[in-house]
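This is the structure I want to talk about, given as structure tokens.
The values are calculated or read from the model by the stated rules, or taken from the named source; none is laboratory data. The shown structure was predicted, so the numbers you read here are calculated from the model rather than taken from an experiment. Ideal geometry is used to build each Cβ from the backbone, glycine not excepted, and the neighbour counts take in all protein chains shown. Note: areas computed on protein heavy atoms with side chains; ligands, DNA, RNA excluded. Shrake-Rupley method; radii C 1.70, N 1.55, O 1.52, S 1.80 Å.
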Amino acid sequence: MSENERVYRVIDANLNRLKEGLRVVEDIKRYGFNDKALAIKIKNLRHKAKIPQDEFIKFRNASEDVLKQSTQSEMRRQNLSEILTANFKRSQESARVLEECFKLINTEFSALFKEIRYELYEIEKQI
């Protein structure tokens, strides 16, 4: 696998992880807490993170993901707040990975994911 292929695979995985984490947070705030304002903020962030993914998805290889099995701690959640926190952290970490990887191929996208990460920090503080 070439260096670009490795980078693209990391980007693909983290684009998915970011959007999945944001969706979990959005739905918990929307349906679990009827918090329209924060659900809209998260939804807008999720849409902001939608970039063309065609060139990255070609390098997806979920069947050979060496860590695809969930850890014990991922399988234990006590309440919606724990799920919310875990998915905020997941999204923030993914945004950081995207920010770093895009420095290699697209600095505009790198800046976008840095902006998303900082917005997530602020929203998490509000919650």
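If you scan the stretch 106-127, which residues turn out to be surrounded by 14 or more Cβ atoms within 10 Å (Cβ to Cβ), at pLDDT 95 or above and either closer than 15 Å to ARG46 by Cβ or hydrophobic (A, V, I, L, M, F, W, C) (or both)?
PHE109, LEU112, PHE113, GLU115, ILE116, ARG117, GLU119, LEU120
Continuing with this model, one more query. Suppose we filter the stretch 95-105 for residues that are open to solvent by 50 Å² or more (accessible area, probe 1.4 Å) and within 16 Å of PRO52 (Cβ to Cβ); how many remain?
1
While we're looking at this one, here's another question. Please list, ordered by first then second residue, the pairs with beta carbon atoms under 7 Å, 6 or more apart or interchain, first in the stretch 69-90 and surrounded by fewer than 13 Cβ atoms within 10 Å (Cβ to Cβ), second modelled with pLDDT of 95 or more.
none
Of the residues LYS41, LYS58, LYS29, which is closer than 18 Å to GLU115 by Cβ and either more than 14 Å from the chain's Cα centre (by Cα) or acidic (Asp, Glu) (or both)?
When all the criteria are applied, what remains is LYS41.
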